[in-house]
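Below: the structure, in structure tokens.
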Amino acid sequence: MVGDLELAAVPALLPTGPPGVEIRLDGLVVGDLELRICHGCRIAVVEYIRIDRRCRRRGLATLAIDLLRRTWPDYRWSTAPIERSTEALGFWHSLDWPGPLGEPDECPHLLA
């Protein structure tokens, strides 16, 4: 059971800076997700997802990913290199992930 859940968007400081999502449960930050995004090229790269071990397997990271994909539905999505643990691979394979895993799709703006 999930308590009082809040997903808070954290804006980027630079055009290709790392916006993200703080995952808060009962007022406490229990995780976050960071990405690099280029609005000009419509590319988004998930850099990492962190969830407190005590709060895993509740769907919190899935909700955060869904929020970002709904915010930018027509962007090309990929991830930075991912952990190859059973848990991490199981998470990514449970999503309807639209792009490559572990191979960031980066435009020149994201590489600058």
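Worth pointing out:
- Under the condition of being in a loop (DSSP other than H, G, I, E, B) and surrounded by 13 or more Cβ atoms within 10 Å (Cβ to Cβ), the residues counted in the range 79-99 number 6.
- Near pairs, Cβ below 7 angstrom, 6+ apart or cross-chain, from the range 69-83 (in contact (Cβ under 8 Å) with a residue 12 or more places away in the chain) to any residue that is part of a loop (DSSP other than H, G, I, E, B) and among the acidic types (Asp, Glu): ARG76/ASP105; SER78/GLU103; SER78/ASP105
- Enumeration of residues in the range 5-42 that are among the β-branched types (Val, Ile, Thr) and at pLDDT 90 or above: VAL29, VAL30
- Qualifying residues in the range 53-78 (those that are in a helix (DSSP H, G or I) and of a type in the set (S, T, N, Q)) - the one modelled with the lowest pLDDT: THR71
- Residues of the range 26-40 satisfying the condition of being part of a strand (DSSP E or B) and either out of contact with any helix residue (DSSP H, G or I) (no Cβ under 7 Å at 6 or more places or on another chain) or more than 14 Å from ASP105 (Cβ to Cβ) (or both): LEU28, VAL29, VAL30, GLY31, ASP32, LEU33, GLU34, ILE37
- Scope the range 83-112; condition at pLDDT 90 or above and either charged (D, E, K, R) or in contact with a Leu (Cβ under 6 Å, 6 or more places away or on another chain) (or both); matching residues: TRP92, GLU103, ASP105, GLU106
The values are calculated or read from the model by the stated rules, or taken from the named source; none is laboratory data. Predicted model only: the values in this text are computed from it and were never measured. So basically every Cβ, Gly included, is an ideal-geometry build from the backbone, and we count neighbours across all protein chains shown.
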